[in-house]
Each structure stands twice: as C-alpha cells, then as structure tokens.
1. Exactly one of these conditions fails for Gly62: (1) at positive phi; (2) at pLDDT 75 or above. Give me its number.
2. Hey, can you tell me all the residues within segment 34-63 that are β-branched (Val, Ile, Thr) and outside any loop (DSSP other than H, G, I, E, B)?
3. Please tell me if Ile91 is modelled with pLDDT under 80, within 21 Å of Ser28 (Cα to Cα) and more than 19 Å from the chain's Cα centre (by Cα).
4. Of everything in segment 67-89 that's without any contact (Cβ under 8 Å) to a residue 24 or more places away in the chain and either charged (D, E, K, R) or crowded, with 16+ Cβ neighbours inside 10 Å (or both), which residue is nearest to Asp121 (Cα to Cα)?
5. When you go through (1) in contact with a strand residue (DSSP E or B) (Cβ under 8 Å, 6 or more places away or on another chain); (2) modelled with pLDDT under 70 one by one for Val104, which number turns out not to apply?
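The values are calculated or read from the model by the stated rules, or taken from the named source; none is laboratory data. On a predicted model such as this, the values are computed, not experimentally measured, just so you know. Here the Cβ positions follow ideal geometry from the backbone for every residue, glycine too, while neighbour counts run over all protein chains shown.
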Amino acid sequence: MKILLNIFIIIFITIFGVSCATIISGTSQDIFIDSNPEGATIYEGGLKVGRTPASITVKKSGFSDKEISLSLEGYERRTFILQKSFDAVAILNLAGFGWIIDIVTGAIFKYGRTNYDLDLDPKAFNIEELEKDQLGRLIIPNEEKSVIVYYKDAEIKLLFN
C-alpha cells in the first residue's frame, strides 16, 4: 500500500507540479545595456550592478517592472523601466499547479526588450541660477565633460564643450 501511495505521489507531482516556464525560460533574464558615452554606472533598484557596456542578469520575480538607472559624472542621470510581458511558454502548464510556481518565481513573465543603447545628456544648468563674477559675467561650472546652460524664458540652450 505504501509503495502505491509513493508511486501516486510521484505521478501526481510529475503531472501537476511541473512548471514549464520556470524550467524552459528560467527565473532571470540577461539584459545588455550600453551608453554613449560608455562607462556609466548601471543601477538596478538603487543597487550598483555594473558599468556600460555590460550584460546584467535581472530576476523576473514579482509583478512590478524593474527600474534601471545610468549615472556618469558630468551627465544627467538616465532612468528607464524594464517592462514585463506574458511569456507564452507558460501556456504549456495546461493542467496542474505549475502556474503557481511560474507566478511565484516570475517565470510567467519575460522582459520585452533585452538590448538598450542609450545616449546620455550633458548636465544642464539654469542660467538664472549661475553665479556671476565681479564684472557680472556668468561662471560656468567647471565640469570635465560637456555642459548645457539654458534660459527657460527665451528657450535658449548653450552647449559648452
């Protein structure tokens, strides 16, 4: 009787416990990120995960989308969202509890885009907020990279290289 029960449990788990998306697609996904200029620090959820160009591994768990930020000295911080979509492989769980495992592990989702090549904008300063020297000339911040100075009312932008 005990042997029959064990066989039944094994068959039950095999039929109803398989989570196809977890096995086939996995619970994480590789995303390639590059920037112009290169060398920007990559942050996932506020944690440093690499420098561009780089391929990072991002977990698919949870229902919310992941926020990725790029930061480089002399440039504006660039933030974007990795958006999830339904992974069709999960349909292979036609019957059983595999859906539950795929949902909990995040394998039911996939990231739509896996390659990002982003341009970083030079830091920008409002002309009205810049300091002036003794002669009334504007003091442009001493940045190693390009700097944009803008005057909002006149819609003027000046690029200093």
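1. (2)
2. Filtering segment 34-63 for residues β-branched (Val, Ile, Thr) gives 41-42, 49, 52, 56-58.
Correct list: Thr41, Ile42, Val49, Ile56, Thr57, Val58.
3. On the way: modelled with pLDDT under 80: yes; within 21 Å of Ser28 (Cα to Cα): yes; more than 19 Å from the chain's Cα centre (by Cα): yes.
Taking the combined requirement at face value, the residue satisfies it.
4. Arg77
5. (1)
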